[in-house]
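Heads up, the thing below is written out as structure tokens.
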Amino acid sequence: MKRIFNPSIFPYLTCILIFSSSLIPRIINLDDPGITWDEPAYIEAGRIYVDGMLKSQIFSISIWRVNWEHPPIAKYLIGLSLHVLEPLGFSEVAAARVPNTILGSLTCLLLYLFLHDTYGESVSILASLLLSYLPNFFAHSRYAALDAPKTFFIVFSLYAFKKWTKTGKMRWMLTSAVLCGLALAVKISAISLLPIILAWFLIRYHRRIKVAFLKSLFSLIFFLLLAFTFFFLSWPLLWIDPRSIIEYLNFHLHHFNIPVYYLGEVHQRAPWHYPFIMLSVTTPVSILLAAIIGIFYALKDVFRHKTEANEISILLFIWLMLALLRVSASYGYDGVRLFLDALPAFSSLAAIGVSQLNSFLSRFSRVSKRVTFYLLSILLITSEIYACAITHPYETSYYNELVIASGGVNLFEKTYWGEVYKEVVEWLENKAPGAKVVVPIAPHLAQYYAKTLKITSNILDIFGESPAYLAFQAREGFYFDQLIVFSLNNLKPIYTIQVNGIIIAYIFNLEDYYSLLNSTTNSSL
């Protein structure tokens with residue numbers, strides 16, 4: 001009897017299912033979350049870059065001075081997508097987000113491929129799905145920003161590097177080097193990829209004979225040269241004005257601090273432990289516990305005889321730690337997006353943790369090991385999907401069950417990247433069309449959506465022009481003006497936007513402010 005299915009096609013079907021299960025939830029309703037803080041700058045730059053290249057203006061320095069603070073690779077993709085999809089009827093925001101949505105889904109697929117030949121089908125599938133539905137990765141891998149493309153190129157480079165260390169084929173080393181250069185050409189924070197590569201090199205080759213080690217060392221040096229060559233070639237600004245590299249490095253080495261509300265107080269520079277705590281409180285508890293088990297497994301085998309699984313688990317731990325420590329050592333900032341490239345390693349360690357927990361439980365259970373693994377996997381994936389569902393479209397405002405239940409959410413910023421202003425403006429356009437609205441935090445996001453509203457960021461503009469409205473996202477680190485604090489303490493908002501019981505935006509009618517001010521003045525007389 002002939003086989004109906006050829007088993008050799010199963011790996012391809014698995015890849016298709018992983019990619020589609022990641023892509024479909026992201027690409028549906030890309031306009032649901034409002035435009036975020038940095039997206040307008042990247043959209044503008046992408047449009048200008050691609051238009052300039054299509055008009056053969058590649059050597060015009062004015063083109064490349066737009067958003068020069070970051071390299072151009074991600075913005076090329078945004079600009080190309082705008083050029084192709086806007087004529088087909090896509091909104092500007094949706095068209096700009098499509099490339100990152102695809103790259104985010106490909107990142108999940110690459111993680112599966114990265115782990116598959118070491119840990120097998122079940123662990124690698126689980127790791128890819130855990131990454132796909134982590135609330136912050138789900139959110140940031142659809143925005144037209146830089147962190148998701150950077151993460152994609154990092155994971156792709158590490159996958160190719162692993163293939164090189166296993167096969168010794170130079171084409172994989174060349175591929176990894178090019179991808180490393182492209183990661184750097186997305187965002188400077190991809191620099192943490194280099195010590196990860198070096199650590200992997202030392203783990204894999206420290207016991208090899210001297211000749212093989214030296215040969216590999218020369219290959220590694222060539223890798224670095226090739227990576228920086230592609231970084232340079234990808235950015236025409238550096239060809240036209242090589243001095244720009246100094247300006248670029250100075251900007252990031254002396255970047256201004258951004259206030260962040262963290263552990264109950266405003267910090268002008270986030271403390272070193274910020275990324276570790278934020279990763280803990282923005283991850284569903286079940287995933288966090290599984291990752292802790294995976295980390296314990298990785299550290300337990302540090303001093304043992306190394307198998308490939310031992311070496312990869314140690315590498316994953318190094319990958320996670322270097323990405324987090326990079327944020328610890330850098331300038332003050334906020335948001336999980338800063339260490340988005342740590343999440344593939346974190347998800348992998350969680351999947352390994354599930355496998356180890358399953359092995360432990362199987363000693364005491366009559367249920368088959370396979371069934372137990374599937375049940376644990378379903379529990380974890382379901383917890384992530386639920387976390388995304390209860391916070392959509394504001395997954396960047398997710399805090400886990402323990403933080404919510406304990407009231408610990410009040411120690412952190414409720415939201416920070418401005419997606420909420422789309423809903424704020426829609427409500428005001430419906431209830432008070434034509435009104436003057438003061439938006440003291442990220443007014444450019446409200447202006448993007450306003451049709452009739454008169455958006456201003458200047459608090460002083462409201463006086464003498466009542467009634468007016470005050471609207472702002474709940475970002476405590478940016479409560480610079482006393483009117484925000486006064487309104488929160490003394491006035492009742494006419495509308496709030498909440499996610500999972502947390503207020504992430506306020507709208508106040510300042511007629512209430514004037515009434516209170518007048519009554520206070522009259523009583524004093």
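Here, each number is a calculation from the coordinates, and none is a lab measurement. As the structure is a prediction and not an experimental result, all values here were calculated from the model. Counting neighbours? That spans all protein chains shown, and the Cβs are built from the backbone with ideal geometry, glycine included.
Remark: region 489-500, residue by residue, has Karplus-estimated 3J(HN,Hα) of 8, 10, 10, 9, x, 7, 7, 10, 10, 10, 9, 6 Hz, where x stands for each Gly or Pro and the curve is 6.51 cos²θ - 1.76 cosθ + 1.60 at θ = phi - 60°.
Peptides 489-496, 316-323, 124-131 ranked from most to least packed by the mean count of surrounding Cβ atoms within 10 Å: 124-131, 316-323, 489-496. Protection proxy ranking, highest mean first, for peptides 90-100, 427-437, 347-357: 347-357, 90-100, 427-437, where packing is the per-residue count of other beta-carbon atoms within 10 Å, averaged.
Here the extension length gained between Ser457 and Asn489 equals 9.4 nm, from 0.36 nm per residue of separation less the Cα-Cα distance. Taking the charge dipole of the chain about its Cα centre, with +1 at Lys and Arg Cβ atoms and -1 at Asp and Glu Cβ atoms, the residue from Phe161, Ala74, Val354 reaching farthest to the positive side is Phe161. Of all beta bridges DSSP finds with both residues in the chain, what is the antiparallel percent, to the nearest 5? Expressed as a percentage, antiparallel bridges in the chain total about 75.
By other beta-carbon atoms within 10 Å, ranking Cys108, Cys15 with the fewest at the front produces Cys15, Cys108. Cβ crowding within 10 Å, taken as a proxy for footprinting-reagent exposure, orders Thr282, Thr107, Thr14 from fewest neighbours to most as Thr14, Thr282, Thr107. Both radii come from the Cα set of region 107-397: Rg as radius of gyration, Rh as Kirkwood radius; their ratio Rg/Rh reads 0.98.
What value, in deg cm²/dmol to 500, does the helix sum -39500 (n - 2.57) over DSSP H runs of n ≥ 4 give at 222 nm once divided by the residues of the chain? Estimated from H runs of four or more residues: -20000 deg cm²/dmol.
In this Cβ point-charge picture (+1 for Lys and Arg, -1 for Asp and Glu), region 421-524 has a dipole of about 140 debye about its Cα centre. Across region 56-71, computed HN-Hα scalar couplings (Karplus, 6.51 cos²θ - 1.76 cosθ + 1.60, θ = phi - 60°) run 6, 10, 4, 9, 8, 5, 4, 5, 7, 7, 6, 6, 5, 5, 10, x Hz from first to last residue, x flagging Gly and Pro.
Residue-wise HN-Hα couplings along region 246-261, as the Karplus relation 6.51 cos²θ - 1.76 cosθ + 1.60 with θ = phi - 60° gives them from phi, are 5, 4, 4, 5, 4, 4, 7, 6, 10, 4, 5, 6, 10, x, 9, 8 Hz; Gly and Pro carry x. Measuring between alpha carbons in the structure, the pairs from Lys187/Lys414; Lys75/Lys414; Lys422/Lys451; Lys169/Lys215; Lys75/Lys162; Lys75/Lys187 lying more than 18 angstrom apart are Lys187/Lys414; Lys75/Lys414; Lys75/Lys162.
Close amide H pairs (under 5 Å, H built 1.01 Å from N) link Tyr495 with Ile507, residues at least 5 positions away or on another chain. Packing order of peptides 182-195, 406-419, highest average first: 182-195, 406-419 (average count of other Cβ atoms within 10 Å over each peptide's residues).
Each of Val66, Val420, Val123, Val499 has some number of other Cβ atoms within 10 Å of its Cβ, and from fewest to most they run Val66, Val499, Val123, Val420.
Taking label points 7 Å from Cα along the Cα-to-Cβ direction, Ser56 and Phe228 give a separation of 3.5 nm.
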